[in-house]
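A.B. asks: Got a structure for you, written out below as structure tokens; questions coming shortly.
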């Protein structure tokens, strides 16, 4: 099983990217916000992956954070929910925001995701409530904010670390952004942090 890939981004677009590792290119399907981040990345990256084997072929699904990978694997364990639908969910709801929707039984947020109807939302809540674990936050940070902001910040820090930045530098960049605007999502935090850290 391929658990992670560390290499350079050969291309990113559509619904997938190609990560080149030691001369071999791996096609990895990813949520759209993650692909947008990777499309602006030149440095080596670390992708957390799920290897999915089907009758018509083998597929790799990738994520910038272990949190999103864990949530993805929980989602595809729900009856009637496949990898493409799980990617659509995480493309619209970062892992910790999805967790909050499940714990709060918020069908409205879930049915706003393309491809998720009321019955699917109810099934997700029924099968996943209490099984998604807790948000870990970012550990070293002293950010004073809500629990959801902590979890979103943690995902942003994990993503920056996977893109090659030291943990402490990533935490500082995220803290600086949240001190100005606490309403940013994880992908927005990553994009702005990359800009502030000098990456084109």
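The values are calculated or read from the model by the stated rules, or taken from the named source; none is laboratory data. Just so you know, these numbers come straight off a predicted model, no measurement behind them. Here the Cβ is made from the backbone with ideal geometry for all residues, glycine too, and neighbour counts use every protein chain on show.
A.B. asks: When region 40-54 is examined, which residues are found to be more than 12 Å from residue 194 (Cα to Cα), touching a residue at least 24 places away in the same chain (Cβ under 8 Å), more than 13 Å from the chain's Cα centre (by Cα) and surrounded by fewer than 21 Cβ atoms within 10 Å (Cβ to Cβ)?
C.D. replies: Hits for region 40-54 are 44, 51, 52.
A.B. asks: Condition check: outside the structural domain of residue 38 (by TED's automatic domain parsing), touching a helix residue (DSSP H, G or I) at 6+ places or on another chain (Cβ under 7 Å), outside any loop (DSSP other than H, G, I, E, B) and modelled with pLDDT under 85. Does residue 135 satisfy that?
C.D. replies: no
A.B. asks: Please verify whether residue 164 is surrounded by 12 or more Cβ atoms within 10 Å (Cβ to Cβ), at pLDDT 80 or above and not assigned by TED's automatic domain parsing to the domain that holds residue 98, treating the condition exactly as stated.
C.D. replies: yes
A.B. asks: Oh, and also: Would you kindly identify the helices (runs of 4 or more DSSP H) lying entirely within region 30-111 that contain at least 2 residues that are out of contact with any helix residue (DSSP H, G or I) (no Cβ under 8 Å at 6 or more places or on another chain) and closer than 18 Å to residue 161 by Cβ?
C.D. replies: Fully inside region 30-111 and qualifying: nothing.
A.B. asks: Would you check if residue 105 is at pLDDT below 90 and out of contact with any strand residue (DSSP E or B) (no Cβ under 8 Å at 6 or more places or on another chain)?
C.D. replies: Here the answer is no, as residue 105 does not meet what is asked.
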